[in-house]
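Structure record follows, encoded as structure tokens.
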Amino acid sequence: MVPLLYFQLLGAALFGIGLYGALARRSAVLIILSIELMLNAVNINLIAAASYLNGIGRFAAFDGQIIAIFVITVAAAEVGLAFAIILRMYRNRGTINVDEINILKW
Amino acid sequence: MTAYDLYLVSPLLALAGLAMMVIIVDLLTRRTGLLVGVAFVGLAAPAALSAWQLAELVSTGESRLSAQGSVVLHTLSIDRFSLFFNFLILAAAGLVILVSTDYSRRMERLQGEFFGLLLLSATGMMLLVSATELITMYIALELTTLPLAAMAAFLPNGRSSEAGMKFLIIGALSSALMLYGMALIYGFTGSTRLDEIAAALSAGASAGAFPFGSMAVLLAIVLLLAGFGFKMSAAPFQMWVPDVYEGAPTPMVAFLSVASKAAAFALVLRVFYVGFDALGGDWWVLLAGLAALSMTIGNLVAIAQRNIKRLFGYSTIAHAGYILVGVAAVASVDGTATFGPSSVLFYLAAYTAANLTAFFAIVCIGNRINSDEIADYSGMLRRAPFLAIALGLALIALIGVPPTGLFFAKIYVFAAAINTGESLMTWLVIIGVVNSAVSAYYYLRIIKVMFLQTPIHTERVGASWPVNVALGIATLAILWLGVAPTPLLGAAERAVSVLSGG
């Protein structure tokens, strides 16, 4: 059996890549993609933890999988709304580059 | 799931059903007045069901409705704490709906969706304040945030879609961080329920003298605070606040600034006081740091603002800081942990009254003069006496001057901080008092512009009667909380007894 630590390292690495992408990308679509990567890193963590807890005979063994399903569902809704807003943005402003989205600033 | 469980979640179901009904009514008829009427009168159903639950609590003398042991599989707690916030959220939603009557004409065909999204967001908030389990909290947070993001992008102009996009992207980012924290907590304690998390943590905390029990818990708490900080609009997670406040439709901003903030603070109180109680003196230092940062950043940057909605964005960051002082006041010298949280509840109620009054006046004035620049408010006292006086009173309340509710709220929050007996908290109170003095400058500047300068135009600025009614109610609430704070403070104290297991 693969140790829990490996899964957690994979999750942390994916989460870090996603966070870097969300902060460094210029296109709004790629930012949303990076956030998806972060959410899926969380899912790996959750399912690995649930499987580990199941292995050592702890209670609530399926909670992790259930949360992962909820996270996937909510992420889908979030992406739907995000693309609707990005589309509207493109119609109003002609760009989805977040560097150029700067009417509102101090 | 039993019939009793259905009764417990009935206010939530009624509110979600009302949201659907508003959208259907909008499909069937084009009359705006009817739509507002249905949305406003329909709020009576969840309010009545909540009142019924409260009456049951009062008659049995309990603080929590849990006769059946499991409340919807242990995911919710319907108690005095959640009911307190239910009424606060419903009141804010009702008043905002009344005020949207004039404003919603800008949205042309989409008015039904606007009110529907507002009610759905309120449903999410009511779910959030009673959630005692991590999955439910995550779902409720998203149900609160996503409709608000859609509403922020509602106006057909570039500013509004920019506001919606910033709100959505930063919201998604912070909820991903929070979710990672939740995954760590779940992996560490093996449970998603707050009471079981508390038990697992106290077993772990007694094993070693490590701060926060372990590095994993420390990391998880920092990540959770990133997500909660976004909802509370506390620094350093405040980057979105001024942009969204400036670009989004004003009634939505009014709702966001009070109801969403109140729900977020309810969540923070429940998670930290119930879930992380065993970590005792560790986490309040983090919250105290956030409080100092929020107060200072909010007040200093607000001084330079020329747009009134943007100024209120910074003002709300500063107020998040004051409220966090109360949240950080966890332990007091005599061992009771209810002073801090009850002062937070009172502050949130008083802040709701003051901020709603201010935003309602801004909605009316901005709707007529088509500008949110403070310079265009000059001589508003002559153009719209009622609106100017209400806005002036709200600004005086936000400074924290008697006889307004926020005066007592600030005193309670700072007294709770002093009462902890920690020297760090005393310093925090000093920072808070200095910041209150700084805030007087930019609030009084608006009053000076409105009351002392000569008007540019002479045409009168007025509003329709539902707007005036909502403004009147909010204004009276400011004064009522300032003259007679005791009943509400008593309710707040009974509400927070739930947090310490009462």
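The values are calculated or read from the model by the stated rules, or taken from the named source; none is laboratory data. Every value quoted in this text rests on a predicted model; they were computed, and no experiment measured them. Neighbour counts are summed over all protein chains in view; Cβ atoms, including those assigned to glycine, are modelled from backbone coordinates with ideal geometry.
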**OP:** May I ask you to verify whether B:Ser206 is out of contact with any Cys (no Cβ under 7 Å at 6 or more places or on another chain), at pLDDT 90 or above and among the polar types (S, T, N, Q)?
**Re:** no
Original post:
Out of curiosity, is A:Gly64 at the interface with another protein chain (Cβ under 9 Å from one of its Cβ atoms) and under 12 Å from the mean Cα position of the chain (by Cα)?
Top reply: no
Original post:
Of the residues that make up the stretch B:382-405, is at least one over 19 Å from B:Tyr322 (Cβ atoms) and polar (S, T, N, Q)?
Top reply: no
Original post:
How many residues does the stretch B:150-191 contain that are at pLDDT below 85 and assigned to a loop (DSSP other than H, G, I, E, B)?
Top reply: 4
Original post:
So is B:Phe212 more than 8 Å from chain A (Cβ to nearest Cβ), in contact with a helix residue (DSSP H, G or I) (Cβ under 6 Å, 6 or more places away or on another chain) and at pLDDT below 90 or not?
Top reply: yes
Original post:
Can you tell which of B:Phe167, B:Phe237, B:Phe188, B:Phe255 is among the hydrophobic types (A, V, I, L, M, F, W, C) and farther than 25 Å from B:Ala92 by Cβ?
Top reply: B:Phe188
Original post:
Is at least one residue of the stretch B:492-501 surrounded by fewer than 14 Cβ atoms within 10 Å (Cβ to Cβ) and either within 27 Å of B:Leu293 (Cα to Cα) or of a type outside the set (D, E, K, R) (or both)?
Top reply: yes
Subject >> Residues located in the stretch A:72-96, provided they are free of Cβ contacts under 8 Å to residues at least 12 places away in the same chain, surrounded by 13 or more Cβ atoms within 10 Å (Cβ to Cβ) and more than 7 Å from chain B (Cβ to nearest Cβ) >> reply: A:Ala84, A:Tyr90, A:Thr95
Original post:
Which ranges mark the helices (runs of 4 or more DSSP H) fully within the stretch B:399-502 that have 3 or more residues being in contact with a His (Cβ under 8 Å, 6 or more places away or on another chain)?
Top reply: none
Original post:
So, of the residues in the stretch B:124-139 that are in a helix (DSSP H, G or I) and surrounded by fewer than 24 Cβ atoms within 10 Å (Cβ to Cβ), which turns out to be farthest from the other protein chains (Cβ to nearest Cβ)?
Top reply: B:Thr136
**OP:** Could you please find all residues in the stretch B:238-279 being more than 23 Å from B:Arg159 (Cβ to Cβ) and either polar (S, T, N, Q) or not in a helix (DSSP H, G or I) (or both)?
**Re:** B:Phe276
Original post:
Is it the case that some residue within the stretch B:458-468 is of a type in the set (Ser, Thr, Tyr) and modelled with pLDDT of 85 or more?
Top reply: no
**OP:** Report yes if A:Gly55 is more than 9 Å from chain B (Cβ to nearest Cβ), out of contact with any His (no Cβ under 9 Å at 6 or more places or on another chain) and surrounded by 13 or more Cβ atoms within 10 Å (Cβ to Cβ), otherwise no.
**Re:** no
Subject >> Residues of the stretch B:452-486 that turn out to be under 20 Å from the mean Cα position of the chain (by Cα) and either among the polar types (S, T, N, Q) or under 14 Å from B:Ile97 (Cα atoms) (or both), as a count >> reply: 5
**OP:** For the stretch A:28-51, indicate whether the set of residues that are in contact with a strand residue (DSSP E or B) (Cβ under 6 Å, 6 or more places away or on another chain), touching a residue at least 12 places away in the same chain (Cβ under 8 Å), surrounded by fewer than 17 Cβ atoms within 10 Å (Cβ to Cβ) and more than 7 Å from every other protein chain (Cβ to nearest Cβ) is non-empty.
**Re:** no
